[in-house]
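Structure, as structure tokens:
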Amino acid sequence: MCGIVGYVGTRQAGPLLLDGLHRLEYRGYDSAGVAIQNGTGVQVMKLAGRVAALRTQLDGAPIAGTTGIAHTRWATHGAPTTRNAHPHSDCDGIIALVHNGIIENADALRAALEAQGHDFATDTDTETLAHLIEDAAGDTLEARVIAALTHVEGTYGLAVMSAAEPGKIVVARLGSPVLLGIGDDELFVASDASAVLEHTRSVVYLDDGDIAVLTPDGYHVLDRESHVQLREVDDVAWDLAQIELGGYPHFMLKEICEQADTVRATLRGRLIGERGTARLNGLNLTSEDCRAIRRVVIVACGTSWHSGLVGRELIEELAGLPVQVEYASEYRYRRILAEPGTLTIAISQSGETADTLEAMRAAKGVGSRVVGIVNVVGSTIARECQGGIYLHAGPEIGVASTKAFTSQIVALALLGLYLGRERGRLDEEAGRELVCRLIQLPQLITRTLEIERQVKALARRFASAPNFLYLGRGVNFPVALEGALKLKEISYIHAEGYPAAEMKHGPIALIDENMPVLFVAPKDHVYGKVCSNMQEVRARRGRIIAVTSEGNGDLSALVEEQLRVPATVPLLSPVLTIIPLQLLAYHIAVLRGCDVDRPRNLAKSVTVE
Ligand code: G6P
């Protein structure tokens with residue numbers, strides 16, 4: 001949510017900042033701006049619109065200078081206009097800063113600053129920071145930033161420059177991710193590693209409360225009392241090819257097509273065939289710990305919440321533990337009952353979603369053990385939980401999550417297998433059978449992807465539909481929810497997911513000859529029941545699309561289109577049944593001319609409440 005980049009070094013900052021913003025555009029893309037120290041002061045250029053437009057403007061009027069900061073915005077306070085775009089300045093244009101996060105007491109601060117004579121140029125909460133720093137006492141920019149931040153309530157990832165201290169960037173972090181990229185004779189600041197990967201793999205993840213000072217001579221990290229802090233330099237495992245399109249028209253399609261490899265990566269080194277179990281050392285759960293668990297609570301948002309619903313079925317079935325799945329945004333504000341033996345699982349692709357992070361902290365606060373299922377290594381959730389499973393799915397750049405979903409389900413299956421074996425719920429033979437089924441998944445995904453041509457033709461028939469209903473049962477009900485979410489996120493078609501049998505209690509009223517109804521119906525113990533639900537839709541002339549598995553038989557008498565995915569055990573079927581739904585949403589969105597990778601109003605990483 002908002003991307004920030006900064007550069008201090010010997011090269012021209014402008015093009016480097018724009019390249020970094022381009023990589024971070026998935027975090028927000030309603031406006032963008034740069035501030036560069038041009039030898040005489042700090043020069044700002046910003047506009048409402050995309051990073052590409054800013055690049056054109058900067059190419060037309062380059063700003064020379066080797067120190068600068070930049071921002072791509074997802075508006076919270078104030079409309080996405082040029083005026084409200086970052087960087088923001090103080091009254092005299094001496095200070096420029098970019099900010100990710102929310103200043104919660106901005107209204108009170110602004111009123112006080114205006115009363116003292118400060119002129120505000122924007123409607124944003126961020127501008128208060130520039131005026132606070134302008135007024136703050138201190139001999140150095142970092143001292144003034146520290147002093148100013150004592151007045152601030154809220155969250156921030158912040159990069160600040162002052163014309164009075166050329167060649168310096170001061171960075172502050174509280175609740176919004178920021179890292180430093182350490183190059184040869186140059187330093188970067190970025191919201192995430194993809195912005196610096198072209199230049200360096202060495203990064204320093206800042207902790208909450210850290211203040212970093214970057215100059216051409218190097219960097220140091222301070223705490224709020226100005227004591228120097230030691231922070232490790234980490235190595236980023238991602239490579240550049242993973243953040244490039246590689247011949248695909250969109251990241252979303254690339255990421256859908258990558259799923260055989262990404263699921264393989266999630267499984268790599270984690271299956272122990274002969275013992276029919278999983279190796280999950282990072283979980284930090286001994287056999288004794290596993291046996292002491294009495295219940296599981298899953299907290300997540302969006303697509304990760306949907307994978308949590310699949311996880312409930314997996315863990316209940318494999319490990320025999322009751323599982324509660326919670327929207328993180330709701331859970332964090334509820335009375336959380338401290339129950340001994342609770343394992344809380346935070347699921348998050350980015351590892352930065354504010355609500356999931358806070359729900360996890362709240363669970364920790366009442367004494368729950370907390371583990372994470374996270375994709376981004378070094379992210380806040382990954383660092384704050386007591387153990388976990390990394391997805392290793394590589395960077396996910398398309399705003400609509402796809403490959404993270406299938407890897408999350410696979411990670412949850414590994415967790416269910418491990419807990420089931422350690423708790424004695426699953427015998428070795430059942431464990432071995434599941435291991436075999438997991439090993440087969442990448443190959444089955446490759447076969448499932450062969451359906452793309454059929455899905456594309458289907459997309460042409462349904463691209464103008466105003467509504468869609470997605471229905472499924474059991475472990476495939478969350479797939480229906482996820483399919484509907486994908487469609488509405490990127491094509492703006494209204495779509496709802498429902499448990500198939502629950503349809504009778506409301507959505508059936510919507511069904512007529514214009515309503516496409518997509519059933520997720522692989523072969524499992526409720527398949528016959530789902531077919532009865534199809535009959536009910538058919539009787540009302542609804543247009544049925546059915547995702548079934550091989551061996552389900554021919555449904556042509558009942559449905560308009562049947563999409564067949566390979567068969568696997570029902571518990572793992574969501575990894576396959578979701579793929580035609582991802583492809584359908586993608587192709588419909590493309591046909592409708594939508595910006596698939598940057599859908600309106602959304603952001604990839606939601607670091608505000
Ligand atoms: C945003 C994204 C979704 C994502 C959700 C949770 O809404 O647009 O694609 O599922 O956040 O993100 P997380 O990184 O926590 O999985």
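Every number here is computed from the coordinates shown, using simple stated rules; none is lab data. Computed from a predicted structure; not experimentally measured. Note that each Cβ is placed from the backbone with ideal geometry, even for glycine, and that neighbours are counted across all protein chains shown.
Considering all alpha-carbon pairs of the range 233-312, what whole percent are spaced by more than 15 angstrom?
Considering the range 233-312, 77 percent of its Cα-Cα pairs are separated by more than 15 Å.
According to the square roots a ≥ b ≥ c of the eigenvalues of the Cα gyration tensor, what is the shape class of the range 444-590, taking rounded for a/c under 1.5, prolate for a/b larger than b/c otherwise, and oblate for the remainder?
Since a/c stays below 1.5, the shape of the range 444-590 is classed as rounded.
Among 386, 418, 315, which residue has its Cα furthest toward the positive end of the charge dipole of the range 304-434, with +1 on Lys/Arg Cβ and -1 on Asp/Glu Cβ?
In the range 304-434, that residue is 386.
Less than 15 Å Cβ to Cβ from residue 561, Lys/Arg counted +1 and Asp/Glu -1: what total charge do the surrounding residues give?
With Lys, Arg at +1 and Asp, Glu at -1, the net is +4.
What is the packing order of peptides 318-325, 189-196, 354-361, 300-307, taking the mean over residues of other C-beta atoms within 10 Å and listing the highest first?
Taking the mean over residues of other Cβ atoms within 10 Å, the ranking is 189-196, 300-307, 354-361, 318-325.
Can you compute the FRET efficiency between residue 595 and residue 510 using 1/(1 + (r/R0)^6), with r the Cβ-Cβ distance and R0 = 25 Å? Round to the nearest 0.05.
0.30
Assign unit charges at the C-beta atoms only (+1 for Lys and Arg, -1 for Asp and Glu), then state the dipole size of the chain relative to its Cα centre in Debye, rounded to the nearest 20.
Here the size comes out at about 2400 debye.
Using 0.36 nm per residue of separation minus the Cα-Cα distance, give me the extension gain between residue 40 and residue 427 in nm, one decimal.
Once the chain is fully extended between residue 40 and residue 427, it gains 132.0 nm.
Normalising by the residue count of the range 344-415, find the relative contact order in percent from Cα pairs under 8 Å and 6+ residues apart.
Over the range 344-415, the number comes to 28 percent.
Find how much the distance from residue 64 to residue 143 grows on full extension, using 0.36 nm per residue of separation minus their present alpha carbon separation; answer in nm with one decimal.
25.7 nm
Where the centroid of each part is defined by its Cα atoms, how far is the range 138-204 from the range 309-360 in Å?
Cα centres, the range 138-204 to the range 309-360: 33 Å.
Based on the mean of other Cβ atoms within 10 Å per residue, sort peptides 398-410, 55-67 so the most packed one is first.
Highest mean packing first, the order is 398-410, 55-67.
Helix 574-591 versus the longest principal axis of the chain: what angle, 0 to 90°, nearest 10, using Cα atoms?
With both axes taken from Cα atoms, the answer is about 60 degrees.
What per residue convex hull volume, in Å³, do the alpha-carbon atoms of the chain yield?
Dividing the Cα hull volume of the chain by its residues yields 155 Å³.
Quick one: which of 173-181, 12-20 comes out on top by average Cβ neighbours within 10 Å, and what's the full order, highest first?
Ranked by mean Cβ neighbours within 10 Å, highest first: 173-181, 12-20.
Computed FRET efficiency, Cβ-Cβ of residue 234 and residue 437, R0 41 Å: what is it to the nearest 0.05?
With R0 = 41 Å, the Cβ-Cβ based efficiency is 0.70.
Could you state the angle between the C-alpha long axis of helix 428-449 and the longest principal axis of the C-alpha atoms of the chain, as a value from 0 to 90 degrees rounded to the nearest 10?
Roughly 70 degrees between the two axes.
Tell me the net charge near residue 460. Cut-off is 15 Å between Cβ atoms, residue 460 excluded, with +1 for each Lys or Arg and -1 for each Asp or Glu.
+2
With labels modelled as points extended 7 Å from the Cα through the Cβ direction, what inter-label distance (nm, one decimal) is found for residue 536 paired with residue 338?
The two pseudo-label positions are separated by 4.5 nm.
Sticking with the crude label model, points 7 Å out along Cα→Cβ, report the distance from residue 185 to residue 460 in nm, one decimal please.
So the two model labels end up 5.7 nm from each other.
Residues in the range 123-154 near a label at residue 226, defined as backbone nitrogen under 16 Å from the 7 Å Cα→Cβ point?
Within reach of a label on residue 226, which here means backbone N under 16 Å from a point 7 Å along Cα→Cβ, the range 123-154 contributes 136-150.
Pairs of Cα atoms under 8 Å, at least six residues apart: use those to get the relative contact order of the range 387-526, whole percent.
20
Calculate, for residue 467 and residue 153, the FRET efficiency according to 1/(1 + (r/R0)^6) with r their C-beta to C-beta distance and R0 56 Å; round to the nearest 0.05.
Efficiency at R0 = 56 Å is approximately 0.85.
Between residue 112 and residue 366, what is 0.36 nm times their sequence separation minus the Cα-Cα distance? Round to one decimal in nm.
That pair, residue 112 and residue 366, stretches by 87.7 nm at full extension.
Extending each Cα 7 Å along its Cβ direction at residue 316 and residue 207, get the distance between those two points in nm, one decimal.
Each label point lies 7 Å from its Cα, and together they span 4.0 nm.
Relative to the first principal axis of the alpha-carbon coordinates of the chain, what is the inclination of helix 51-60, with its axis defined by its Cα atoms, in degrees from 0 to 90 and to the nearest 10?
Result, in degrees: 30.
Less than 14 Å Cβ to Cβ from residue 595, Lys/Arg counted +1 and Asp/Glu -1: what total charge do the surrounding residues give?
+1
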